[in-house]
Amino acid sequence: MNWKQEVESRKEQMIADLKDFLTIESTLDLSTAEVNKPFGKKVDDALQYMLDLGGKDGFHTKNVDGYAGHIEYGTGDELIGVLAHVDVVPAGDGWTSPPFSPEVRTGKLYARGAIDDKGPGMAAYYALKIVKESGLPLSKRVRLILGTDEETNWRCMKHYFSKEDMPSMGFTPDADFPIITAEKGLLDILLTGAIIPTNISDSTWVLEQFEGGQRVNMVPDVAICKLTGEGDVFDLKEKVQDILLQNRIQGYAEEADDHVKICVHGRAYHGSEPEKGLNAVLELAKILATIDLDSAGSAYVEMINRFLTDSFFGEKMGLSQADDVVGKLTVNAGVFQYAKNEESKLQLNIRYPLSGDKNAILSKVDECFQSYGLKIVDVDHKAAHYCEPDHPLVKTLSSVYEEQTGKKAELLAIGGGTYARALDVGVAFGPLFPGKEETAHQKDEFIELDDLFQATALYAQAIYELAK
């Protein structure tokens with residue numbers, strides 16, 4: 001079977017279907033949520049788009065209460081799972097072309113969701129379509145399972161697997177090639193509370209508002225604050241501009257009707273590797289540390305700089321740890337909200353090694369922030385995940401990868417969290433090839449079309465080998 005040739009004959013239609021899929025702004029929107037549309041209308045539109053596509057092509061499809069759905073082919077008692085997600089993170093600003101108007105430039109398809117995870121999801125769908133249309137005999141059923149809440153709390157998978165069978169094994173096309181067999185444990189932590197002033201003294205400026213970040217698993221690319229006071233506005237603006245220039249950071253300070261606004265631009269990145277982005281919030285906190293602020297505002301800024309600034313591996317909170325499989329613990333400070341005399345909100349995304357202790361981490365976080373008035377009010381936890389290298393799933397995918405690429409299938413470990421951990425036995429398999437640029441959760445997200453086609457061929461053969 002020439003898998004690449006099968007993809008080649010379908011690539012124009014696949015691109016057309018993917019472009020339609022990418023136009024749907026399927027970010028979480030609880031304001032439009034309703035029964036059987038738990039994460040909002042657009043997310044549901046994206047799920048229904050894929051289920052309709054499957055139905056049109058003659059697959060068995062099922063919508064599980066709007067939380068997830070599946071597209072199934074084959075017969076047999078055993079079930080193979082391929083898990084993808086239809087939801088995306090917010091687009092943010094600064095795109096070269098509109099994020100939900102897909103555009104091909106120099107062999108790359110640009111759109112939010114192109115690489116995470118609509119492009120790979122479509123590749124997996126076309127892979128299943130190739131297997132079906134080729135009439136290859138299968139002894140197992142294959143389900144393309146489509147989630148809707150991967151970018152937030154995975155409520156989709158929890159609900160789906162409370163109603164549907166667990167596959168005996170499977171993979172998700174939502175990370176890197178060759179094969180990812182180990183993933184760090186994940187902790188999304190929400191802290192709230194009124195900031196406790198550290199001292200009472202006269203100040204030149206009052207921190208009225210401070211905010212940045214849209215999702216806990218994204219490095220914030222914009223942060224703003226508003227200051228009021230009787231200080232010299234020109235001196236303040238000049239100080240801010242000097243710091244921005246010295247550190248080669250984009251931003252500005254401007255005078256409004258009754259306040260001074262400071263805005264800092266960073267660089268978004270996936271929260272699994274916070275050190276590779278530029279956290280705008282942390283850079284703004286550095287600037288504010290040089291300004292004479294009111295006691296509550298000063299305490300808030302001190303808290304950020306004391307525990308989070310320039311500490312992507314938890315050093316300042318006493319959380320440093322690592323193992324030989326997945327590496328270092330990481331901390332992404334993802335969402336900040338502060339307003340004078342109101343409750344503050346802080347969201348942290350902590351990813352810890354296989355040997356990490358969830359309760360010990362939470363205890364240390366609580367200890368650090370409680371003296372400033374914040375306490376942990378909500379935790380979403382996903383345990384670390386590991387698949388043995390000698391499992392038949394890993395052996396099969398390794399064989400497929402090596403046959404098609406001619407390269408060794410190295411086994412990888414990541415800090416990212418994929419649907420592989422929603423399976424009893426699962427791994428992540430692509431779509432990003434070694435050495436290629438990672439653009440998930442960033443502006444100008446893209447997937448290289450040649451890589452998309454190669455991934456589709458790999459997925460088609462993998463599905464067949466696992467289910468034959």
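Scanning region 38-66 for residues being small (G, A, S) and free of Cβ contacts under 8 Å to residues at least 40 places away in the same chain gives a total of 2. Restricted to region 54-102, and to residues there that are among the β-branched types (V, I, T) and open to solvent by 10 Å² or more (accessible area, probe 1.4 Å), the residue that is farthest from V335 (Cα to Cα) is T75.
Out of the residues in region 252-292 that are assigned to a strand (DSSP E or B) and open to solvent by less than 10 Å² (accessible area, probe 1.4 Å), which is farthest from D116 (Cα to Cα)? Going through the qualifying residues, I end up with V260. For region 133-148, indicate whether the set of residues that are open to solvent by 20 Å² or more (accessible area, probe 1.4 Å), within 21 Å of G40 (Cα to Cα) and either at pLDDT 95 or above or not in a helix (DSSP H, G or I) (or both) is non-empty. No; the residues of region 133-148 include none that is open to solvent by 20 Å² or more (accessible area, probe 1.4 Å), within 21 Å of G40 (Cα to Cα) and either at pLDDT 95 or above or not in a helix (DSSP H, G or I) (or both). Filtering region 196-216 to residues that are open to solvent by less than 20 Å² (accessible area, probe 1.4 Å) and not hydrophobic (A, V, I, L, M, F, W, C) leaves only G212. Counting only strands (runs of 3 or more DSSP E) that fall entirely inside region 361-468 and contain at least 3 residues that are within 18 Å of the chain's Cα centre (by Cα) and in contact (Cβ under 8 Å) with a residue 60 or more places away in the chain, the qualifying elements are 375-382. Taking (1) of a type in the set (S, T, N, Q); (2) part of a loop (DSSP other than H, G, I, E, B); (3) in contact with a Pro (Cβ under 8 Å, 6 or more places away or on another chain) in turn, T181 satisfies each apart from (2). Please work out which residue is surrounded by the fewest Cβ atoms within 10 Å (Cβ to Cβ), limiting yourself to region 19-52 and to residues that are of a type in the set (S, T, N, Q) and under 14 Å from H85 (Cβ atoms). Result: T27. Tell me, which strands (runs of 3 or more DSSP E) wholly within region 1-120 include 1 or more residues that are more than 26 Å from D221 (Cα to Cα)? Passing ranges, in order: 60-64, 68-73, 79-85.
So is S31 without any contact (Cβ under 8 Å) to a residue 24 or more places away in the chain and of a type in the set (G, A, S) or not?
Yes; evaluated as a whole, the condition is true for this residue.
Among all residues of region 104-115, there is none that is more than 20 Å from Y459 (Cβ to Cβ), at pLDDT below 95 and out of contact with any helix residue (DSSP H, G or I) (no Cβ under 7 Å at 6 or more places or on another chain).
The values are calculated or read from the model by the stated rules, or taken from the named source; none is laboratory data. Model, not experiment: these values are computed from the prediction. Note that each Cβ is placed from the backbone with ideal geometry, even for glycine, and that neighbours are counted across all protein chains shown. Areas reflect the complete protein model, heavy atoms only, side chains present, ligands, DNA and RNA absent. Shrake-Rupley method; radii C 1.70, N 1.55, O 1.52, S 1.80 Å.
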